[in-house]
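Here's the structure, in structure tokens; my notes come after.
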Amino acid sequence: MFDKLFKQFAQFYESFNPSYFIIAVVAFSQGVQHLADLSINYMLKDDFGLSPAMMGLYLSYTTTPWIVKPFWGLITDSKPLFGYRRKSYIILFGIFDALGWVALSKYGTDNLYSALLLLFLIQLSTCFVNVVGEAILVEVAASASRQQTNFQHGASKNVSIFFGVRAFGTLISAFFSGALLHYFTKQEIFMMTAAFPSLLVLVSFFYVEEKVDPRNLDQNDRRNNTMQCIKDFWTFFQNPLIYKPVALIFCFMMAPSSSTIMFFFYTQVLGFEPSFLGQLKFVYALSTILGVLLYNNYLKDVPFKKIFITTTILYYFCYQSMIILVTRKNVEWGINDKFFCLGDSVMLQLVGELNLMPILVLACRMCPKNIEATMYAMLMSTINFGSTLGSQLGALFLIIMGVNQNDYSKLWLFIIVTGVFILLPLPWVGVVQEDKILQQRDQQLAQLKQKDCESDTVSTSNLRQEDDQQQLLSENEQQKS
């Protein structure tokens, strides 16, 4: 496996695109900001006294910017800022992100609504930077596909780089997040987190991007015409090859979430301290990286339907294994709580990542030229919107079943009921016609290549005409002399 990884690294180095650096920095910054996750959870739980259901609802509201990602993508695709489509937006919203963490440290820990407002601002800033990073990622994949015959490999490589680096950032933050709470206050941790978007801002100044003069923009160029971008987006989205897979992804991501109630269960019933919760987050991130490596090395050529069905079923059984923990059967069997949680977390996160990677790669492959940011943002916002509704559905089921921080007696039933939602999309997996999506993408790339060749031919003929005219002028001047 390591020999194969070394060969892939060598191939990647040979074909290295400078844009990969800013993609990696954006992804790393987003991942490492999870350093404050535990501090936020403890702030909402202990300082503001929220129940699991209300905590899940409030956190889902702060993630609203991730639902409207196509709007941010449309802005960065069609409206250059200070002459740049990507660079200026990274710098601007990186500054907003850093200021949000500083303000949360100074003013957000005393009032619930101030904290939620600042968390919303942070999520908005992080989301916009994420949209720009993913737009660059899709552009690089599309550009590379013109020289490669297999766009699947290019897409999986770029997606793996972005989400792998982001998971690496999460890995580092998880390693320290729990331990830091023993030595620093929540406010100090929020201030530390502000350093990462600040670093992104500094690095972005060195990102080389072709500058655009807004006064000389050609409105016939589809990228510069907002309404044309919207029309292109809508025309593309109306294709059944596109909207049916999007609907499937949305339904899959709507499975009710159990994250907030399990956080309360870990801290109140099992008595886990912040340091061990940090170790659990470290295991999550490590499993995510392992899942990315496994997919990119061994599973990227497996058909979408096959890997999606297999991993969904495996994920369902891994999810149901939490019943053993919440009913305390593991104690009866002599299995330590921490040991069980670590093992269960590895399997759950690993299989979950293998389940998600084909969806992310499929999203990358579906994006058309000139509206990359808008389309990819729409596909990712579908995932985020589904997850947000999943959090709200989870909170609703907790309220209906009466599961809260004072009564966990029906938590096992909550896991059984919510687990059913994981399997619900499987009968409709046939709507993903992967071969036809690839054919459509290849046709578009072929048309772009043809247009490039035609433009090169026209420019060459124009140069020849100019040379002929100059030669005639020089001959006339010589005859006159």
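Of the conditions (1) under 22 Å from the mean Cα position of the chain (by Cα); (2) open to solvent by less than 30 Å² (accessible area, probe 1.4 Å); (3) at pLDDT 85 or above, Ala195 fails just one. Which one is it?
Here Ala195 meets the rest and fails (2).
If I ask for residues that are among the hydroxyl-bearing types (Ser, Thr, Tyr), within 23 Å of the chain's Cα centre (by Cα) and buried (at least 18 other Cβ atoms within 10 Å of the Cβ), which ones from the range 250-306 would you list? Working first, answer last.
Step one: filter the range 250-306 for residues among the hydroxyl-bearing types (Ser, Thr, Tyr), giving 257-260, 266-267, 275, 284, 287-288, 295, 298.
Keeping just the survivors that are within 23 Å of the chain's Cα centre (by Cα) gives 257-260, 284, 287-288, 295, 298.
Within the range 250-306, Ser257, Ser258, Thr260, Tyr284, Ser287, Thr288, Tyr295 meet the criteria.
What number of residues within the range 94-117 are part of a helix (DSSP H, G or I) and buried (at least 24 other Cβ atoms within 10 Å of the Cβ)? So that I can check it myself, show each step before the final result.
Of the range 94-117, the ones part of a helix (DSSP H, G or I) are 94-107, 112-117.
Next, from what is left, pick out any that are buried (at least 24 other Cβ atoms within 10 Å of the Cβ): 94, 97, 100-101, 104.
Residues meeting the conditions: 5.
Any residue in the range 289-312 that's closer than 13 Å to Leu350 by Cβ and touching a residue at least 12 places away in the same chain (Cβ under 8 Å): show its pairings with residues that are among the aromatic types (Phe, Trp, Tyr) and open to solvent by 70 Å² or more (accessible area, probe 1.4 Å) at Cβ separation under 7 Å, as long as the two are six or more apart or on different chains.
Ile289/Phe168
How about the range 82-93: which of its residues are open to solvent by 40 Å² or more (accessible area, probe 1.4 Å) and farther than 15 Å from Val208 by Cα? So that I can check it myself, show each step before the final result.
Of the residues in the range 82-93, the ones open to solvent by 40 Å² or more (accessible area, probe 1.4 Å) are 82, 84, 92.
Leu92 - this is the single residue of the range 82-93 that is open to solvent by 40 Å² or more (accessible area, probe 1.4 Å) and farther than 15 Å from Val208 by Cα.
On the given criteria, is Phe276 aromatic (Phe, Trp, Tyr), more than 28 Å from Gly164 (Cα to Cα) and modelled with pLDDT of 85 or more?
Values: aromatic (Phe, Trp, Tyr): yes; more than 28 Å from Gly164 (Cα to Cα): no; modelled with pLDDT of 85 or more: yes.
Answer is no for this residue.
Against the conditions (1) touching a Pro at 6+ places or on another chain (Cβ under 8 Å); (2) at pLDDT below 85, where does Asp301 fall short? Just the number, please.
Going through (1) touching a Pro at 6+ places or on another chain (Cβ under 8 Å); (2) at pLDDT below 85 one by one, Asp301 breaks only (1).
Identify all residues within the range 382-421 that are over 28 Å from the mean Cα position of the chain (by Cα), open to solvent by less than 60 Å² (accessible area, probe 1.4 Å) and small (Gly, Ala, Ser); write none if there are none.
Scanning the range 382-421 gives a single hit, Gly402.
Tell me the residue from Phe128, Phe120 that is in contact with a Ser or Thr (Cβ under 6 Å, 6 or more places away or on another chain), in a helix (DSSP H, G or I), closer than 26 Å to Thr63 by Cα and modelled with pLDDT of 90 or more, please.
Details: Phe128 fails: in contact with a Ser or Thr (Cβ under 6 Å, 6 or more places away or on another chain).
Answer to the check: Phe120.
Is it the case that the range 75-89 has a residue that's of a type in the set (A, V, I, L, M, F, W, C) and touching a residue at least 40 places away in the same chain (Cβ under 8 Å)?
We begin by selecting, within the range 75-89, every residue of a type in the set (A, V, I, L, M, F, W, C); these are 75, 81-82.
Subset that is touching a residue at least 40 places away in the same chain (Cβ under 8 Å): none.
No, the range 75-89 contains no residue that is of a type in the set (A, V, I, L, M, F, W, C) and touching a residue at least 40 places away in the same chain (Cβ under 8 Å).
To keep it simple, each residue is scored yes or no on (1) of a type in the set (Asp, Glu); (2) surrounded by 15 or more Cβ atoms within 10 Å (Cβ to Cβ); (3) assigned to a helix (DSSP H, G or I).
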| position | (1), (2), (3) |
| --- | --- |
| Thr311 | no, yes, yes |
| Tyr319 | no, yes, yes |
| Asn330 | no, yes, yes |
| Lys338 | no, no, yes |
| Cys341 | no, yes, yes |
| Asp344 | yes, yes, yes |
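Does the range 21-35 contain any residue that is at pLDDT below 85, farther than 26 Å from Gly278 by Cα and surrounded by fewer than 19 Cβ atoms within 10 Å (Cβ to Cβ)?
yes
Report yes if Pro70 is surrounded by 21 or more Cβ atoms within 10 Å (Cβ to Cβ) and within 30 Å of Gly402 (Cβ to Cβ), otherwise no.
Working: surrounded by 21 or more Cβ atoms within 10 Å (Cβ to Cβ): yes; within 30 Å of Gly402 (Cβ to Cβ): no.
For Pro70, the condition - surrounded by 21 or more Cβ atoms within 10 Å (Cβ to Cβ) and within 30 Å of Gly402 (Cβ to Cβ) - is not met.
If I ask for residues that are touching a residue at least 24 places away in the same chain (Cβ under 8 Å) and in a helix (DSSP H, G or I), which ones from the range 397-416 would you list? Steps first, answer last, please.
Filtering the range 397-416 for residues touching a residue at least 24 places away in the same chain (Cβ under 8 Å) gives 397-399, 403-405, 408, 411-412, 414-416.
Passing the criteria: Phe397, Leu398, Ile399, Leu411, Trp412, Phe414, Ile415, Ile416.
The values are calculated or read from the model by the stated rules, or taken from the named source; none is laboratory data. Note that the coordinates shown come from a computational prediction; the quantities given were computed from them, not determined experimentally. Heads up, the Cβs are rebuilt from the backbone with ideal geometry, glycines too, and the neighbour counts pull from every protein chain shown. Keep in mind that these areas ignore ligands, DNA and RNA; they rest on the heavy atoms of the full protein, side chains included. Shrake-Rupley method; radii C 1.70, N 1.55, O 1.52, S 1.80 Å.
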